[in-house]
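Asks: Input: one structure, supplied below.
The values are calculated or read from the model by the stated rules, or taken from the named source; none is laboratory data. Predicted model, so just to flag it, every value in this text is computed and none were measured. Here the Cβ is made from the backbone with ideal geometry for all residues, glycine too, and neighbour counts use every protein chain on show.
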Amino acid sequence: MPEFQTSPGMRDILPPESARWRRFVAAFAETVTAAGYGQIIPPLLEDIGVFHRVGEATDIVTKEMYDFVDKGDRHVALRPEQTASVCRAFVQHRPATPWKVWYSGPNFRYERPQRGRYRQFDQVGIEVLGANDPYLDVEVISLGWSFFKRLGLQQVQLHLNSLGEPENRQNFVAALQTYFTDNIVRLSDASKTTLAKNALRVLDSKRPEDNEVIAGAPKISDFYSDDARLHFETVQSGLRALNIPFTVNEKLVRGLDYYRHTTFEFVGGTLDSAQNAIGGGGRYDGLVEDLGGPSTGGIGFALGLDRTLIACDDEGVFAPSPSPVDVFVVDTAGGLEALIITQQLRDAGISTDRSYENKSMKSQMKAADKSGARIAIIIGTDEVSAQSFVLRPLRGDEQQSTISRSELIPSIMKALL
Ligand code: AMP
């Protein structure tokens, strides 16, 4: 075993998997750019206060943060998610609203690593700040949905809920508190601890011993104001109009205090239930305000790249594919001519690889084959003195040809058409 390996929960993403990651982000970028979203690239590290404002009652912030004091005595943290950074950036730069942004990149959470749960994991996501229209909720959800379809995923399900307005939610939480306290003996020990911190999060419990108590708990829908009900109904009718199937799941509460109205989760059809959420989001108010800005509504989602790719593997879609070059330069003439020709081909926009260290013709042809190239150029000493080179097609059954130096690039371009 080598002395150094990746830390627990951290992974090297090697080719060709890394190319799949790039394609994933590119497909996401295309989906959301076409809907008017611009990219934000926030730093990986923020003042810890930015994240504390977001979720003082969550494990993400209380237990899982990678935080430290930097050389300037600032208490900072690696981001556990990116919504907080987006809101901090909004307050700092005050862009015109609605502000529609997308992001991608790694987040860090000190969790117990397992399949689909890592300490460094990537997300792509969008946020819109400064608009409260329920049809915006539909747009945001539909972009996530379209992206999954674009990847080829068929088994993703959309779970939807509304937490109503802040007052509805407060009354609901108070009713939950009373209900769970009255039934505390029937709760698991873990949920008893959760109840002391946040009654809403007891609903998140996936422990079977809690099922019965949770099933009898008060329902948020009994607490909606007229406006909250209308907002939720409008979102649902918008989704129906776009033929996006969904299930209303009243247990979907997302523990963070700043969520309002619409919350949703995309659930993979094939993953274990503890890790089956491949993305989620919702509408939030108060977050921008908590970070020192004006009262501003927001909505967004984040999709886990690592977990979505596991769902893709399970469904047999969006497979990793090698990125072959077009041309491979085989050289037995000492290397200088190969160096120049390789450069000229690359400058002409033809993807080209070559071998080094004067390997035998046989081993170079093997490398050419492995590279996936469609054509090999063979440069031997005779060819250098005659200034004409052999083009050997590596796929199909075309014959090789001998091409003069001046015709080399045009002939290759033609052959690659
Ligand atoms: P959250 O920010 O917790 O709502 O998570 C949004 C999505 O990010 C989840 O649905 C997962 O796909 C992904 N995710 C969250 N935590 C992890 C993790 N530790 N490892 C891998 N993916 C994660």
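Asks: Surrounded by 15 or more Cβ atoms within 10 Å (Cβ to Cβ), modelled with pLDDT of 95 or more and in a helix (DSSP H, G or I): is that true of A84 in this structure? Lay out the reasoning, then the answer.
Replies: Values: surrounded by 15 or more Cβ atoms within 10 Å (Cβ to Cβ): yes; modelled with pLDDT of 95 or more: no; in a helix (DSSP H, G or I): yes.
Spelling it out, it is not the case that A84 is surrounded by 15 or more Cβ atoms within 10 Å (Cβ to Cβ), modelled with pLDDT of 95 or more and in a helix (DSSP H, G or I).
Asks: Out of the residues in region 96-120 that are free of Cβ contacts under 8 Å to residues at least 60 places away in the same chain and within 18 Å of D285 (Cβ to Cβ), state the one that is nearest to the ligand (Cβ to nearest atom).
Replies: Looking at the filtered set, the residue picked out is W99.
Asks: Let me ask something else about it. Restrict the check to region 143-151 and report whether at least one residue is buried (at least 19 other Cβ atoms within 10 Å of the Cβ), closer than 30 Å to A96 by Cα and out of contact with any Phe, Trp or Tyr (no Cβ under 9 Å at 6 or more places or on another chain).
Replies: There is no residue in region 143-151 that is buried (at least 19 other Cβ atoms within 10 Å of the Cβ), closer than 30 Å to A96 by Cα and out of contact with any Phe, Trp or Tyr (no Cβ under 9 Å at 6 or more places or on another chain).
Asks: Look at L153 and say whether it is within 16 Å of the ligand (Cβ to nearest atom), part of a loop (DSSP other than H, G, I, E, B) and within 30 Å of F232 (Cα to Cα).
Replies: Yes; evaluated as a whole, the condition is true for this residue.
Asks: Right, something else. Consider region 19-48. How many of its residues are closer than 19 Å to R79 by Cβ and aliphatic (A, V, I, L, M)?
Replies: Selection size over region 19-48: 6.
Asks: If I go through region 382-399 residue by residue, how many of them are closer than 18 Å to V327 by Cα and part of a loop (DSSP other than H, G, I, E, B)?
Replies: 6
Asks: Answer yes or no as to whether A89 is away from the ligand (no atom under 16 Å from the Cβ) and under 14 Å from the mean Cα position of the chain (by Cα).
Replies: no
Asks: So, restricting to strands (runs of 3 or more DSSP E) that lie completely within region 245-362, which ones have at least 3 residues that are more than 16 Å from the ligand (Cβ to nearest atom)?
Replies: Details: elements: 259-267, 277-284, 298-304, 327-331, 352-354.
Once the strands (runs of 3 or more DSSP E) in region 245-362 are filtered for at least 3 residues that are more than 16 Å from the ligand (Cβ to nearest atom), what remains is 327-331, 352-354.
Asks: For L45, work out the one condition from (1) buried (at least 17 other Cβ atoms within 10 Å of the Cβ); (2) at pLDDT below 95 it doesn't fulfil.
Replies: For L45, the failing item is (2).
Asks: I've got another one for you. Please enumerate the residues belonging to region 1-20 that are surrounded by 14 or more Cβ atoms within 10 Å (Cβ to Cβ) and in contact with a Pro (Cβ under 9 Å, 6 or more places away or on another chain).
Replies: Passing the criteria: G9, M10, A19, R20.
Asks: Show the residue pairs meeting these rules: Cβ distance below 9 Å; 6+ apart or different chains; first residue within region 192-209 and in the same structural domain as N276 (by TED's automatic domain parsing) and at pLDDT below 90; second residue assigned to a loop (DSSP other than H, G, I, E, B) and of a type in the set (G, A, S).
Replies: none
Asks: Would region 68-79 turn up any residue that is outside any strand (DSSP E or B), in the same structural domain as G298 (by TED's automatic domain parsing), within 16 Å of the ligand (Cβ to nearest atom) and not basic (K, R)?
Replies: no
Asks: Would you call T262 of a type outside the set (G, A, S), at pLDDT 95 or above and farther than 30 Å from Q387 by Cα? Break it down stepwise before answering.
Replies: Values: of a type outside the set (G, A, S): yes; at pLDDT 95 or above: yes; farther than 30 Å from Q387 by Cα: yes.
Considered against the rule, which asks whether it is of a type outside the set (G, A, S), at pLDDT 95 or above and farther than 30 Å from Q387 by Cα, T262 comes out as yes.
Asks: Condition first: in contact (Cβ under 8 Å) with a residue 60 or more places away in the chain and assigned to a loop (DSSP other than H, G, I, E, B). Now tell me which residues in region 39-55 satisfy that.
Replies: Of everything in region 39-55, those that are in contact (Cβ under 8 Å) with a residue 60 or more places away in the chain and assigned to a loop (DSSP other than H, G, I, E, B) turn out to be I40, I41, P42, L44, G55.
Asks: Report, by residue number, each residue of region 121-148 that is in a strand (DSSP E or B) and more than 15 Å from the ligand (Cβ to nearest atom). Lay out the reasoning, then the answer.
Replies: Quick first cut of region 121-148, residues in a strand (DSSP E or B) only: 121-129.
Of everything in region 121-148, those that are in a strand (DSSP E or B) and more than 15 Å from the ligand (Cβ to nearest atom) turn out to be V128, L129.
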